Amino acid sequence: MREIGGYIELDTYSLPMLHDGAVALNCGRNALAYLIKAKNIKKIYIPEFLCDSVRNVCKRENVSVEYYSVGMDFLPSNLPETIDGWLYLVNYYGQIQNSKIKEFAEKYKDIIVDNVQAYFQMPVAGVDTIYTCRKFFGVADGAFLYTDTFLEDLEQDDSHNRMDFLLGRFERSASEFYSAYAKNNELFETEPIKRMSKLTDNLLHAIDYENVKKQREENFRILHNAFENVNKLNLTVPEGAFMYPLYIENGAEIRRELQKIKIYIPILWADTFDVCDEDDIQCHMAQNILPLPCDQRYGKEEMEYMVEKLKNIL
């Protein structure tokens, strides 16, 4: 029987939601696991320049893995002309255009596009594509998958017990709740495939996506205008940018200096060091690319402040 009365819960939101027609799941890792099961995938070619979450999913699902390298343009650099498995193509920082994705899809046929860092870039028709929500919005979980093959009878996830670090940071500092944030990330190592939670779905219907997209792009442009001449990467402004990747020498030292003034810059794909030689370009990229925040929480004032502090350090 439906409850009526009692205390008021979180409001129900109804704004249009981006990716509303995709399969809504509990996390990006399980979007890959979903595809592996639905398409009976046995082998995947993945980049060395990657975190271990994809490798761990493949191991968990008994999928064999072959590695390929990534160049300074974020594109595969040593793929053979033909492969005997699926190609896992990562759209780093949203720098791979759909026209290029189409080329890979036409050449290799069976490909999975990882748009985890390109939430606002719509998928190429007919190409299995993965998006994750918590890298772009204040939610504890959630992912979207575009595919033409489906699994039935999935349990729905619950998110209410994962919200502490989000609610805590809203009222206090990030450092106070970082351990809870890290613990939440670890949960998805063992979480089974589930449908997106009711709570996450509701929160995603409260977002003004056009405004978020615009703000992220404006912030990216400010950073790019400031650092284009020193950045080793040749970048384009992506749709609804994820972060601004600044590739400079001594990135590790600069990251530590920024942390002292409470500008927190992550090391993405640190697991690259485990599969590449230390002299490999991908190790240098993982070490020295500074992913500068440019998300919707910030505007021109914060971007100019960060530019000033970085230039002082440089």
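The values are calculated or read from the model by the stated rules, or taken from the named source; none is laboratory data. Everything quoted here is computed from the prediction, not taken from an experiment. Because the Cβ atoms are built from the backbone with ideal geometry, glycine has one as well, and the counts that use them run over all protein chains shown. Note: accessible area is taken over every heavy atom of the protein model, side chains too, but ligands, DNA and RNA are not part of it. Shrake-Rupley method; radii C 1.70, N 1.55, O 1.52, S 1.80 Å.
These residues, Y305, Y131, go from largest to smallest accessible area, 1.4 Å probe, as Y305, Y131.
For the range 74-150, the fraction of C-alpha pairs farther apart than 14 angstrom is 61 percent.
With respect to the cross-link table entries K37/K194; K213/K300; K43/K183, which display a Cα-Cα separation exceeding 18 Å? K43/K183, as the Cα separations exceed 18 Å there.
Based only on the alpha carbon positions, what is the Kirkwood hydrodynamic radius of the chain, in angstrom? Numbers along the way, then the final one.
Numbers: mean 1/r = 0.0484 Å⁻¹.
After inverting the mean inverse Cα-Cα distance, the result is 20.7 Å.
What ratio of Cα Rg to 2.2 N^0.38 Å holds for the range 158-198?
Values: Rg = 11.4 Å, N = 41, 2.2 N^0.38 = 9.0 Å.
Taking N as the residue count of the range 158-198, the ratio is 1.27.
So what's the back-of-envelope 222 nm ellipticity for the chain, counting only DSSP H runs of four-plus at -39500 (n - 2.57) apiece and dividing by all residues, rounded to 500?
Numbers: 11 runs with 112 residues, N = 314.
That calculation yields -10500 deg cm²/dmol at 222 nm.
A Förster distance of 30 Å, applied to the separation of the beta-carbon atoms of K100 and E176, puts the FRET efficiency at 0.10.
Between L25 and A143, F144, L145, M196, the built amide H atoms are under 5 Å apart, and every one of these is 5 or more places off in sequence or on another chain.
Excluding same-chain neighbours fewer than eight residues apart, the lysines reachable from K232 by a Cα-Cα span under 20 Å are K309, K311.
Solvent-accessible area assigned to carbon and sulfur over the chain amounts to 47 percent, based on a 1.4 Å probe. A cut-off of 5 Å between modelled amide H atoms, ignoring neighbours fewer than 5 places along the same chain, links S77 with S69, V70, G71.
If I take R0 = 22 Å and measure r between the Cβ atoms of T82 and K59 in this structure, what FRET efficiency does the formula 1/(1 + (r/R0)^6) give, to the nearest 0.05? Walk me through the intermediate numbers first.
Working: r = 25 Å, r/R0 = 1.13.
Working from the Cβ atoms, E equals 0.30.
With viscosity set to 0.692 mPa s and temperature to 37 °C, compute the Stokes-Einstein D of the range 196-314, Rh being the Kirkwood radius across alpha carbon pairs; µm²/s, no decimals. It diffuses with D of about 210 µm²/s by this estimate. S53 sits among other residues whose Cβ lies under 10 Å from its own Cβ, and their net charge, with Lys and Arg +1 and Asp and Glu -1, is -1. Spacing of the modelled spin labels on V237 and K262, each 7 Å from Cα toward Cβ, amounts to 3.0 nm. The residues of the chain have, on average, 53 Å² of accessible surface per residue, using a 1.4 Å probe with all protein chains present.
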